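A short reminder: the numbers here are calculations on the coordinates, not readings from a lab. It should be emphasised that the depicted structure is a prediction, and the values quoted were computed from it without experimental measurement. FYI the Cβ positions are ideal-geometry reconstructions off the backbone, even for glycines, and counts take in every protein chain you see.
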Amino acid sequence: MDVEAAKLIGAGIAVLPLFGVGLGLGKLFATLTESIARNPSAASELKSNSILSFALLESIALLAFVVAMIILFAV
């Protein structure tokens, strides 16, 4: 196997967590919208918790992207 082909395969595998992040973000905001619709008085607490969850999910996506870029360009 060529080294360039191995890099491309490795980078493709490294970005697979992005599918999970997309599903997680969809579930997060769908649940947030449903929760606020059910209990509008708790909206501020729900929003603060969801912002923290959003940040953690996005950090996983950024980490996967950085690992893929390292595999492609630095190795």
Fill in: Principal-axis tilt of helix 43-73 within the chain, Cα atoms, nearest 10 degrees
0
Worksheet item: Quick one: Karplus J couplings for region 14-19, per residue in order, coefficients 6.51, -1.76, 1.60, θ = phi - 60°, nearest Hz, x for Gly and Pro?
Response: 5, 8, 4, x, 5, 5
Item to complete: For VAL15, list long-range residues whose amide hydrogen, built 1.01 Å from N in the peptide plane, is under 5 Å from its own amide hydrogen.
Response: none
Response to the item:
Taking r as the C-beta separation of LEU28 and LEU8 and R0 as 30 Å, the FRET efficiency to the nearest 0.05 is 0.45
Worksheet item: So what's the back-of-envelope 222 nm ellipticity for the chain, counting only DSSP H runs of four-plus at -39500 (n - 2.57) apiece and dividing by all residues, rounded to 500?
Response: -30000 deg cm²/dmol
Worksheet item: Farthest toward the dipole's positive end in the chain, which of LEU18, LEU52, ILE70, given Cβ charges of +1 (Lys, Arg) and -1 (Asp, Glu) about the Cα centre?
Response: LEU52
